[in-house]
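Right, one structure below, let's go through it.
Please treat every number below as a calculation from the coordinates, not as lab data. The shown structure was predicted, so the numbers you read here are calculated from the model rather than taken from an experiment. Heads up, the Cβs are rebuilt from the backbone with ideal geometry, glycines too, and the neighbour counts pull from every protein chain shown.
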Amino acid sequence: MTAPPPPRRLSRDELPHETLALARALIGKTLVHDLPEGRLSVRIVETEAYPVGDAAGHAFIGQTRRNATLFRDFGHAYVYLGYGVSWLLNVSSETHGVGAGVLIRAGEPIEGVDEMIRRRGRARLVELTSGPGKLAMAMGVDKRLDGADFFAGGPLWLGEAVRPRGEIGVSVRIGITKDADRPLRFYERANPFVSGPRKLNR
DNA sequence: AGTGCGATTGACT
DNA sequence: GTCAATCGCACTA
């Protein structure tokens, strides 16, 4: 077995800072977490945008201690606990003082699959990272990484695409009640690691 | 101090 | 398909 070539780290200006463009651009890119146990990486296949002024976004109520990372400049990890159960990972977008971000909802396991299986307590590949809480758990992402900079040489980073991406689908976002009709969810069509009901994924 | 509510998941009918 | 678990946070008083 030959290990796949490591992806190159992306720099801050190789991705759009604007929220919707970022959500689209992240599809196909690599999310990496380097740990003592080894490298965990996924190919990002699903995202959701939470732009400025979006009533569904955590930043809508203004800056609080919980959502402070969303107001940092582009490229910081906003990690919060959803439903008291799951950690969810976002990338802060726009510029300092502007509360917006992109939720990373699903990925396709690339490296560290055995470790992901251990962390998830599930052996089936499709159950490892096909949802935002699952992805964070498999990738070893929790509150400790809130505020981490994706582009400062740290253990959590974004890499170039490891292969061309397929056609991108767009749908409404999953699990929200406010601003629920906006087409702000992006995913790679026909990718088995995308979350959500199949009818949303066409 | 008490209340209500999720950017979810997994178990179960 | 339905539904409970679980808890940090924002808000009210």
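From its DSSP helices (H runs of at least four residues, each -39,500 (n - 2.57)), chain A gives a residue-normalised ellipticity at 222 nm of -3000 deg cm²/dmol. Each listed q (0.08, 0.10 Å⁻¹) maps to a log10 I(q)/I(0) for chain A from the Debye sum over equal C-alpha point scatterers, namely -0.23, -0.36. When each of the peptides A:146-157, A:109-120, A:126-137 is scored by the mean number of other C-beta atoms lying within 10 Å of its residues, the order from highest to lowest reads A:126-137, A:109-120, A:146-157. Here the peptides A:29-42, A:57-70 are ranked by packing, the mean other Cβ count within 10 Å, and the order with the highest first is A:29-42, A:57-70. In terms of the mean number of neighbouring beta-carbon atoms within 10 Å, the peptides A:181-191, A:92-102 order highest first as A:92-102, A:181-191. A Förster radius of 35 Å, combined with the Cβ-Cβ distance separating A:D114 from A:A180, puts the computed FRET efficiency at roughly 0.35.
Where the alpha-carbon atoms of the range A:1-84 are placed on the principal axes, they occupy 50, 29, 20 Å, in descending order.
Separation of the range A:138-199 and the range A:67-90 by C-alpha centroid, Å? Taking the Cα centre of each part, the range A:138-199 and the range A:67-90 sit 13 Å apart.
For the range A:17-174, the dipole from Cβ point charges (+1 on Lys and Arg, -1 on Asp and Glu) about the Cα centre works out to 400 debye, to the nearest 20.
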